[in-house]
Amino acid sequence: MSKKYIINYKELEPGDIILTADKGIVSKGVRLGTLSKFSHAAIYVGGTMIEATLSGVFSKNPQRLIFDSKDHVAIYRYDGELTESQVEDISNFARSKTCSLYSIPEATTLRLRELLKKPATKQQFCSRLVALSYSESGVNLKNLRNPAYCTPKQLSLCKAFYKVDHMVREATSDEVSFSKTEDPTITHQKETTEWVRRVRQLSQTDALSMKYDIQTINDVDEFLYENRTFNNSILESVKNGGYLTFYKYDTKRNPWRYDRVLLETMLIYQPDKESFLETQLKISFDVFNVYKNNLVKYLEYYSSTGLSYYKEHGYLYYNLMDLIYIRSKNINEVSEKLGFKKEAFISKEVMNRAKVNCEIATQVLEGSVSA
């Protein structure tokens, strides 16, 4: 079997830009039209990457990217010091565009639109999403003049970034096999896209269409806040799929993360137990602030409106935070038992913070306090 290659995903850092190419006709067309090695761009936000494809803006596990050649992928990193707050802003911007439509007209005529100084829409294409994640977070992109109308090639030539060496390696047979397994996020993405699309249709009445351009879940949140009579119809659309219960998937696929005995059994087969626990802890650490920020947002919305749409989202992020608590608690107990002090300390911190957030959510959602 011919060699396959994979990103050295354990070395990725939030904010890293992933530039790729493949053998497809569209990819070849983009590379030919832009005289570039690369046809696609995505941004790593910690634990996952965010990308804009023809299906829209969604997340993807970089472990699922397998390449025929080392030359088909490159990692670019910001050439300077970014504060923790800036990195969080960059990642949050990219995440906030989830569900946005892909703008084929803008992606295929960006040169002309830039020359004509056409204003950018709220829709996305791959390199726009990446560049705006930086520029909208106040980061200087130096020679990249127009982030809203840039190409993957321009990102590779941008002086604000440098190419990171040794970020591509030969993939193992297990990694290649994993890349071919069913990706559970695909169904979740389709269901999310569908209910956001339905809300977009609700907003396209004569009285509302000029004011609202719903692309993301954040847009839905703001639309409902100003048009509260749509609460029941929007919530019905959300509940038609598995959006509110998708968080349960990981408990079924990886039950050992949520059961201490099963976790200890899993560790028997790990050659480097401490590294394995550190990796598992990083999964929770990467998404903690994302879940916390969304939880706080929906608790505030619910406190001020009492709308069931916001309440259901509050429970969604409560449940996600509770899973972080369970995972961290199990890692803490196992780390204490094995004498891994660093993992024990960090997991206890994450566990305690998750517990506090869950307690606050319970009080707000059950009506004893306001957010």
> Could you give the semi-axes, largest first, of the ellipsoid that matches the stretch 319-371, computed as the square roots of 5 times the alpha carbon gyration tensor eigenvalues and rounded to whole Å?
Replying inline: 27, 9, 6
>> Run the simple label-point estimate for Y225 and E114 please: 7 Å along Cα→C-beta, distance reported in nm.
In response: 3.4 nm
>> Leaving out ligands, DNA and RNA, and with a 1.4 Å probe, what % of the accessible surface on the chain is carbon or sulfur?
In response: 52 percent
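Please work out the ratio of the alpha-carbon Rg of the stretch 154-212 to 2.2 N^0.38 Å and round it to two decimals.
Details: Rg = 21.1 Å, N = 59, 2.2 N^0.38 = 10.4 Å.
The stretch 154-212 yields a ratio of 2.03.
Based on the Cβ-Cβ distance of K239 and E84, what FRET efficiency does E = 1/(1 + (r/R0)^6) give at R0 = 41 Å, to the nearest 0.05? Don't jump to the answer; show the numbers that get you there.
Numbers: r = 37 Å, r/R0 = 0.89.
So, using R0 = 41 Å, E works out to roughly 0.65.
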> Separation between the K341 and E274 pseudo-spin-labels, each 7 Å from Cα along Cα→Cβ, expressed in nm?
Replying inline: 1.1 nm
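Take the Cα atoms of the stretch 276-358, build their convex hull, and give its volume per residue in Å³.
65 Å³
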>> Looking at the stretch 123-235, I'd like the Rg to Rh ratio, where Rg is from alpha-carbon atoms and Rh is Kirkwood's inverse mean 1/r.
In response: 1.11
> Using the Karplus equation 6.51 cos²θ - 1.76 cosθ + 1.60 (θ = phi - 60°), what ³J(HN,Hα) coupling, rounded to whole Hz, does each residue of the stretch 341-351 give in order, writing x for Gly and Pro?
Replying inline: 5, 4, 5, 5, 5, 5, 4, 5, 4, 5, 4
> At 10 °C and 1.306 mPa s, what whole-number value in µm²/s does Stokes-Einstein give for the translational diffusion of the chain, with Rh from the Kirkwood sum over Cα pairs?
Replying inline: 71 µm²/s
> When the Debye formula is applied to the Cα atoms of the stretch 56-213, each taken as the same point scatterer, what base-10 log of I(q)/I(0) results at q = 0.10, 0.15, 0.19 Å⁻¹?
Replying inline: -0.48, -1.05, -1.39
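Just from its helices, what would the mean residue ellipticity at 222 nm be for the chain, if runs of 4 or more DSSP H residues each count -39500 (n - 2.57) and the sum is divided by every residue, rounded to the nearest 500 deg cm²/dmol?
Rounded to the nearest 500, the figure is -17000 deg cm²/dmol.
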> Ordered by residue, what ³J(HN,Hα) values in Hz, to whole numbers, does the stretch 171-177 give under the Karplus form 6.51 cos²θ - 1.76 cosθ + 1.60, where θ = phi - 60° and Gly and Pro are x?
Replying inline: 7, 7, 5, 5, 5, 5, 4
> Direction-averaged shadow area of the convex hull around the Cα atoms of the stretch 72-115, nm²?
Replying inline: 5.4 nm²
>> Could you report the chain's accessible area per residue, 1.4 Å probe, as an integer in Å²?
In response: 52 Å²
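The values are calculated or read from the model by the stated rules, or taken from the named source; none is laboratory data. No experiment lies behind these values; they were computed from the predicted model shown. FYI the Cβ positions are ideal-geometry reconstructions off the backbone, even for glycines, and counts take in every protein chain you see. Just the protein is used for accessible areas: all its heavy atoms, side chains included, with ligands, DNA and RNA removed. Shrake-Rupley method; radii C 1.70, N 1.55, O 1.52, S 1.80 Å.
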